[in-house]
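Enquirer: First, the structure itself, so that you have it in front of you.
The values are calculated or read from the model by the stated rules, or taken from the named source; none is laboratory data. Bear in mind that the values here come from a model prediction, so they are computed numbers and not experimental data. Positions of Cβ are backbone-derived with ideal geometry, glycine not excepted, and every protein chain shown enters the neighbour counts.
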Amino acid sequence: MKTKKLAYDVVVVGGGSAGIGAAVGASLAGKRVLLMERNPYLGGQATHSSLPAYCGFFTQADPFEQAVGGVGQLVLDKMASLGFYQGPRRTAKTGTVIVVLDTEAIKYALDSFIGDYDVDVLLGAQVISAASGSGTIRSLECHDDEGGFTVSAEVFVDASGEANVAAMAGGRYLLGDERGHLQSGTLMLRVGGVSPAADVHPDKVAEAVRKGKANGIGPMTKELGTVIRAPGLSGDVMFILPDEAVNGLDAQSITQAEMSARRQAWAYLETFRRFLPGCEKCYIVQTGPKIGIRETRRIIGDYTLTAEDVLEAGRFPDAIARGAWPVESHPEAGGANVWQPIRDQSYYEIPLRCLKVQGVKNLWAAGRIISCDPTAFASVRVMGTCFATGHAAGIAAALYSGNSSADAETVRQELLRQKAII
């Protein structure tokens, strides 16, 4: 069988928020772009882990301020045009400002969105190795069910969420914190049959979980977690509760975590039926499909964003994005989330240097894998911010294509032309 060979100016690996931002940004900068995704739909964690919200589009101040524009705003506009977005919502427990999502709606919205731009998309395409030498990626070896194929480009963007391309190409990266410890993962649990009058405030849910544990129901790890009523007419409630220690790079670890988290989901269901008024006839609509992985690899870039940069609302002359989500760490499965606010509930800036992978000349990073310390990571990882860093990485890649350079000021000018907020 003849091996397919595809060639582009810019290839983006990973079709989540960062990858979508990168692909559209590079295309609007005039380049031929391929967006590759191993799942059968775009969206990344939003769709493959059924996450209920985009976080990071807005600051947490009162009144809040928008921090992400550009491609991220174009996605919000598409959602609104399809009736899937009616504006940001402030959460009941933490007071954070979010964009509520429905998994099926966002799948369709992103299909529709990417079709508006000159971007080629390959779903179900897995990158298995990188052909590189002298610090430059020449091509990626890929696989689908038909067999192997090769994708070459002048420049690449790693938006994989796991820094897979960087690792394959010999780029420098870290795994977890200084001890190699990873934040916990959480399985999304969507429950139907909940009375519209039911009080599902996170504190009430935590009280019910404690009662369930006291009555021998288990296993259940987390007591206090995020609870969001789904948009639309379903009346479903989305719970971010079944917590697991997991290494998202390791199949054995993933297997244990997935099976354990699903056992937890059914224990939570029994608890809700018995101890959460208005949930007596509730049922599981969906788990997953995949446990939500918060942390694996992140690159070592030309600059490492620090805790001080984030918490003190740092500013940079080469800023290409804003981060507005507070530090939200999940250090132990079942443990309490650790929140730290940005100064004045404002935003910090992210410099272009955080996106440049050390050791690979023609590779830019986007999303949760950018160069940052463990505390900064607990903020930059959210999907609203990933749209912004992805947009910048795509433009940097587009400018590097044909020039072998992409200086910060030129990237900033193009971002502003594409209506990004920097």
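Yes or no, residue by residue, for (1) among the hydroxyl-bearing types (Ser, Thr, Tyr); (2) crowded, with 23+ Cβ neighbours inside 10 Å; (3) in contact with a Lys or Arg (Cβ under 8 Å, 6 or more places away or on another chain); (4) within 18 Å of residue 323 (Cβ to Cβ):
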position: 42; (1), (2), (3), (4): no, yes, yes, no
position: 58; (1), (2), (3), (4): no, yes, no, yes
position: 62; (1), (2), (3), (4): no, no, no, no
position: 74; (1), (2), (3), (4): no, no, no, no
position: 81; (1), (2), (3), (4): yes, no, no, no
position: 84; (1), (2), (3), (4): no, no, no, no
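Enquirer: Name the one entry in 287, 271, 304, 296 that is under 20 Å from the mean Cα position of the chain (by Cα), under 24 Å from residue 207 (Cα atoms) and not small (Gly, Ala, Ser).
Expert: Values: 271 fails: under 20 Å from the mean Cα position of the chain (by Cα); 304 fails: under 24 Å from residue 207 (Cα atoms); 296 fails: under 24 Å from residue 207 (Cα atoms).
When all the criteria are applied, what remains is 287.
Enquirer: Residue under question is residue 244, and the condition is that it be under 20 Å from residue 46 (Cα atoms), outside the structural domain of residue 307 (by TED's automatic domain parsing), surrounded by 15 or more Cβ atoms within 10 Å (Cβ to Cβ) and under 22 Å from the mean Cα position of the chain (by Cα); does it hold? Break it down into steps so the answer makes sense when it comes.
Expert: Working: under 20 Å from residue 46 (Cα atoms): yes; outside the structural domain of residue 307 (by TED's automatic domain parsing): yes; surrounded by 15 or more Cβ atoms within 10 Å (Cβ to Cβ): yes; under 22 Å from the mean Cα position of the chain (by Cα): yes.
So residue 244 fits the description; yes.
Enquirer: Within segment 300-311, identify whether any single residue is at pLDDT 95 or above, farther than 20 Å from residue 367 by Cα, of a type outside the set (Asp, Glu) and not in a loop (DSSP other than H, G, I, E, B), and answer yes or no.
Expert: Scanning segment 300-311, I find no residue that is at pLDDT 95 or above, farther than 20 Å from residue 367 by Cα, of a type outside the set (Asp, Glu) and not in a loop (DSSP other than H, G, I, E, B), so the answer is no.
Enquirer: Has segment 158-166 got at least one residue that is of a type in the set (D, E, K, R) and farther than 22 Å from residue 126 by Cβ? Walk me through it before giving the result.
Expert: Here is the first cut: in segment 158-166, the ones of a type in the set (D, E, K, R) are 158, 162.
Adding the requirement that they be farther than 22 Å from residue 126 by Cβ leaves none.
No, every residue in segment 158-166 fails to be of a type in the set (D, E, K, R) and farther than 22 Å from residue 126 by Cβ.
Enquirer: Moving on to the next point. Give segment 319-377 a look and list any residue that's closer than 22 Å to residue 53 by Cβ and charged (D, E, K, R), or say none.
Expert: 322, 328, 368
Enquirer: Just to be sure I understand, how many residues within segment 33-73 are over 26 Å from residue 6 (Cβ atoms) and not in a loop (DSSP other than H, G, I, E, B)? Step through it out loud before you land on a result.
Expert: Filtering segment 33-73 for residues over 26 Å from residue 6 (Cβ atoms) gives 45-46, 49-70, 72-73.
Checking the rest, the ones that are also not in a loop (DSSP other than H, G, I, E, B) come to 45-46, 53-55, 58, 66, 70, 72-73.
Result for segment 33-73: 10.
Enquirer: Considering only residues of segment 2-18 that are surrounded by fewer than 24 Cβ atoms within 10 Å (Cβ to Cβ) and either without any contact (Cβ under 8 Å) to a residue 24 or more places away in the chain or part of a loop (DSSP other than H, G, I, E, B) (or both), which is farthest from the chain's Cα centre (by Cα)?
Expert: If we filter segment 2-18 for residues that are surrounded by fewer than 24 Cβ atoms within 10 Å (Cβ to Cβ), which is where we start, we get 2-9.
Remaining after also requiring either without any contact (Cβ under 8 Å) to a residue 24 or more places away in the chain or part of a loop (DSSP other than H, G, I, E, B) (or both): 2-3.
On the way: 2: 36, 3: 32 Å.
Among those that are surrounded by fewer than 24 Cβ atoms within 10 Å (Cβ to Cβ) and either without any contact (Cβ under 8 Å) to a residue 24 or more places away in the chain or part of a loop (DSSP other than H, G, I, E, B) (or both), it is 2.
Enquirer: Collect the residues in segment 124-161 that are in contact (Cβ under 8 Å) with a residue 60 or more places away in the chain, under 19 Å from residue 366 (Cα atoms), among the aliphatic types (A, V, I, L, M) and part of a strand (DSSP E or B), keeping them in residue-number order.
Expert: Result: 127, 137, 140, 153, 155, 157.
Enquirer: Here's something else I'd like to know. Return the only residue of 180, 212, 170, 192 being of a type outside the set (A, V, I, L, M, F, W, C), surrounded by fewer than 15 Cβ atoms within 10 Å (Cβ to Cβ) and either touching a Gly at 6+ places or on another chain (Cβ under 9 Å) or over 19 Å from residue 382 (Cα atoms) (or both). Break it down stepwise before answering.
Expert: Details: 212 fails: surrounded by fewer than 15 Cβ atoms within 10 Å (Cβ to Cβ); 170 fails: surrounded by fewer than 15 Cβ atoms within 10 Å (Cβ to Cβ); 192 fails: surrounded by fewer than 15 Cβ atoms within 10 Å (Cβ to Cβ).
None of the other options fit; the residue is 180.
Enquirer: Return the only residue of 125, 153, 166, 130 being closer than 24 Å to residue 107 by Cβ and at pLDDT 95 or above. Give the derivation first.
Expert: Details: 153 fails: closer than 24 Å to residue 107 by Cβ; 166 fails: closer than 24 Å to residue 107 by Cβ; 130 fails: closer than 24 Å to residue 107 by Cβ.
Checking each option against the conditions leaves just 125.
Enquirer: Would you check which residues across segment 276-322 are under 28 Å from residue 419 (Cβ atoms) and among the aromatic types (Phe, Trp, Tyr) and list them?
Expert: 303, 316
Enquirer: Can residue 115 be described as at pLDDT 95 or above, of a type outside the set (A, V, I, L, M), assigned by TED's automatic domain parsing to the domain that holds residue 360 and loosely packed, with under 15 Cβ neighbours inside 10 Å?
Expert: On the way: at pLDDT 95 or above: yes; of a type outside the set (A, V, I, L, M): yes; assigned by TED's automatic domain parsing to the domain that holds residue 360: yes; loosely packed, with under 15 Cβ neighbours inside 10 Å: yes.
So residue 115 fits the description; yes.
Enquirer: Does any residue of segment 286-295 turn out to be in contact (Cβ under 8 Å) with a residue 24 or more places away in the chain, more than 25 Å from residue 160 (Cβ to Cβ) and of a type in the set (A, V, I, L, M, F, W, C)? If you could, list the steps in order and put the result at the bottom.
Expert: Pass one, segment 286-295, residues in contact (Cβ under 8 Å) with a residue 24 or more places away in the chain: 286-295.
Imposing the further condition that a residue be more than 25 Å from residue 160 (Cβ to Cβ) reduces the set to none.
No: segment 286-295 contains no residue that is in contact (Cβ under 8 Å) with a residue 24 or more places away in the chain, more than 25 Å from residue 160 (Cβ to Cβ) and of a type in the set (A, V, I, L, M, F, W, C).
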